[in-house]
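The values are calculated or read from the model by the stated rules, or taken from the named source; none is laboratory data. The model shown is predicted, which means the values in this text are computed figures rather than measured ones. Note that we place each Cβ from the backbone using ideal geometry, even for glycine, and neighbour counts take in every protein chain shown.
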Amino acid sequence: MNESITYQTLQAAIDCGVREFIICAGSRNSSFVEVLRLEKGLKTYYWPEERSAAYFAMGRSRLTNRPAAIITTSGTAAGELLPAAMEAFYAGVPLLLITADRPESFRGSGAPQSAEQVKLYGCYTHFFQNITKDFPCNLSEWDQRGPAHLNVCLAEPQSQPKFIGKELTFTQALCPEFKFDRGHAITVLNRFFKNVDQPMVIVSTLKSTSHDAVVEFLIKLDVPVMLEAISGLRENPRLQHLRIRRTDKVLESARQAGYAIDGILRIGGIPTHRIWRDLEYLENEIQVCGISEMPFSGLSWDRRVICAPIEQILSTYASPKAFANERSSVWIMSEQNYEQQLLELFQEEPTAEPSYLHALSMLISDNSHVYLGNSLPIREWDLAASSKLQGVTINANRGCNGIEGQLSTFFGLCQPNRENWAIIGDLTALYDMVGPWILPQLDKMNINIVVINNGGGQIFSRLYPYKEMLNAHTIDFEPLAKLWGLSYERVDEASFSLSDSRCRLIEIIPNEGATARFLSKVGKLQQQQLAPALT
Ligand SMILES: Cc1ncc(C[n+]2csc(CCOP(=O)(O)OP(=O)(O)O)c2C)c(N)n1
């Protein structure tokens, strides 16, 4: 029985596009291991730890633009997939979770390694099926716009299963169609543009396939735009004349320039920056419109999001009104001023954390892949990375903003033929210490793990005046590099260079005093009236 259920489930996964299986072996799922270890047409990875493995699978799915499957044994092993399922749900990643289970007769029995696995991931899966010999796997209802869960009930495994090598067949899988209402999307956009006079655009997480359409749209629209790094457009040379550089006090600075923003169009994911939190309290002052491939608005008071393929809407859309005016030009000009002064601050405080981020961005080659950890790195990249860096692909886990599974997601996204850089905090690195497990199974690649070790969760030191929030520590990361056979470089001085090692951990130790001074100076800079006020 196990043999036919296993083949049939794998065939259904293959039929919907899965070509990579991430396997966390245990007795209960050994029939899957048995089949997959001999299968030549599929890529397999093996992990001893399910939580990180699921994040790795998510990274693979994002990189290959296909669903990737993770297969676990029963019990708590299945429970370990919840964080990645949540992330994949909010990020819209087609992650296939296959959990082995004991036969249904064991439900509620408390028998060893059996748990209640039916709908284990609750609302975080777009599709669930309990597979038994009477209910074979059928994934045709999975929309592939979020995770799916297959709970596979298997009989007690034989000690030596002897499967007759059946053939799995590889057909061209069709991705389910993204259904959306184009007419409605255009009506909502038109209404927004008719109602506002001084709009701004924010672009956050964006698929690279939407880049061209968004660039053309922004150029035509000709209004100020905040380009978060994860949009992949922050450094785009065609948009620099529209780009707002600051990451804080955006609305205030626009107002000072006489451009009082009355509407914000969001393109892509939920923005990381402060402005999106401020908007929560500006319901009556600023109109918001969102266009995204996910249905989330990120605001409690506004649930209206145009959920559609961005490039299909924006590539032909023209606003019913023109917006460019003298006030917006004054504001954007003042932003260029601000950038100049920021560059001077990096020189003044070279050992401050953002200055290290800036220096690092100057050492990273064009066309690299950069993964930004949640917490300070993703914010500091936006604040400090050089806008000269061209052709970079930026990734981050911004579905749930968790700090777990970050190295594993990064490894899933690493690509040969380009530099791969992960920039993460120290607690984030500690959370995923098992992540480098997968490195020997990857092709030879240029992989750089940068740990910004500021001795704890320093994002909180900027918000809370007590140390209990920080989880402060004095750990250093050289032993972790050694454990995983990575070369190690330590950076704690004003000027630094890096070796040309291809698989390494770089520990950057910012100077606390310099960081505090830098933050105070940048705070003043962001507050200064840089624009001549227009009346
Ligand atoms: C799984 C999870 N637990 C807790 C948090 C809350 N959190 C956000 S940032 C952070 C601290 C991260 O510290 P570190 O990685 O050292 O980065 P730094 O703040 O120093 O940049 C914590 C605990 C979270 N985002 N995800």
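Screening the candidates Asn2, Asn65 for the property of being in contact (Cβ under 8 Å) with a residue 60 or more places away in the chain and among the polar types (S, T, N, Q) yields one hit, Asn2.
Results for (1) assigned by TED's automatic domain parsing to the domain that holds Tyr90; (2) away from the ligand (no atom under 12 Å from the Cβ); (3) of a type outside the set (A, V, I, L, M, F, W, C); (4) part of a helix (DSSP H, G or I), shown as yes or no for each residue.
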| residue | (1), (2), (3), (4) |
| --- | --- |
| Met362 | no, yes, no, yes |
| Ser365 | no, yes, yes, no |
| Asn374 | no, no, yes, no |
| Ile424 | no, no, no, no |
| Pro440 | no, yes, yes, yes |
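Checked against the criterion of being of a type in the set (A, V, I, L, M), within 16 Å of the ligand (Cβ to nearest atom) and crowded, with 16+ Cβ neighbours inside 10 Å, the candidates Leu357, Leu342 yield just one match: Leu357. Within segment 305-343, being assigned to a loop (DSSP other than H, G, I, E, B) and either of a type outside the set (Phe, Trp, Tyr) or within 18 Å of His211 (Cβ to Cβ) (or both) holds for Ala308, Pro309, Ser315, Thr316, Tyr317, Ala318, Ser319, Pro320, Lys321, Ala322, Ala324, Asn325. Quick check, is Ala53 closer than 23 Å to Val93 by Cα and either more than 25 Å from the chain's Cα centre (by Cα) or in the same structural domain as Gly412 (by TED's automatic domain parsing) (or both)? No.
The set of residues in segment 344-360 being assigned to a helix (DSSP H, G or I) and not hydroxyl-bearing (Ser, Thr, Tyr) consists of Glu344, Leu345, Phe346, Gln347, Glu348, Glu353, Pro354, Leu357, His358, Ala359, Leu360.
Criterion applied to Gly455, Gly405 was being in contact with a helix residue (DSSP H, G or I) (Cβ under 8 Å, 6 or more places away or on another chain) and over 28 Å from Ser355 (Cβ atoms), and the one residue passing it is Gly405. Among the residues of segment 1-58, those that are over 27 Å from Arg145 (Cβ atoms) and small (Gly, Ala, Ser) comprise Ser4, Ala25, Gly26, Ser27, Ser30, Ser31. Find the residue count for segment 428-438, including only residues that are in a helix (DSSP H, G or I) and within 12 Å of the ligand (Cβ to nearest atom). The total comes to 4. Filtered by the rule that a residue be within 12 Å of the ligand (Cβ to nearest atom) and in contact (Cβ under 8 Å) with a residue 60 or more places away in the chain, segment 402-422 gives Gly402, Glu404, Gly405, Gln406, Leu407.
Restricting attention to segment 363-417 and to residues that are touching a Gly at 6+ places or on another chain (Cβ under 6 Å), under 24 Å from Ile459 (Cβ atoms) and among the small types (Gly, Ala, Ser), the residue that is surrounded by the fewest Cβ atoms within 10 Å (Cβ to Cβ) turns out to be Ser375. Can Thr187 be described as under 30 Å from Leu251 (Cβ atoms) and not aliphatic (A, V, I, L, M)? Here the answer is yes, as Thr187 does meet what is asked.
If you take the residues in segment 442-456 that are within 16 Å of the ligand (Cβ to nearest atom) and within 19 Å of the chain's Cα centre (by Cα), which one is nearest to Glu512 (Cα to Cα)? Among those that are within 16 Å of the ligand (Cβ to nearest atom) and within 19 Å of the chain's Cα centre (by Cα), it is Ile452. Take Phe496 and decide whether it is more than 9 Å from the ligand (Cβ to nearest atom) and either assigned by TED's automatic domain parsing to the domain that holds Arg51 or farther than 18 Å from Leu376 by Cβ (or both). The answer is yes for Phe496.
When Trp381 is tested against (1) touching a residue at least 60 places away in the same chain (Cβ under 8 Å); (2) under 24 Å from Trp484 (Cβ atoms); (3) within 16 Å of the ligand (Cβ to nearest atom); (4) of a type in the set (Phe, Trp, Tyr), just one condition goes unmet, and that condition is (2).
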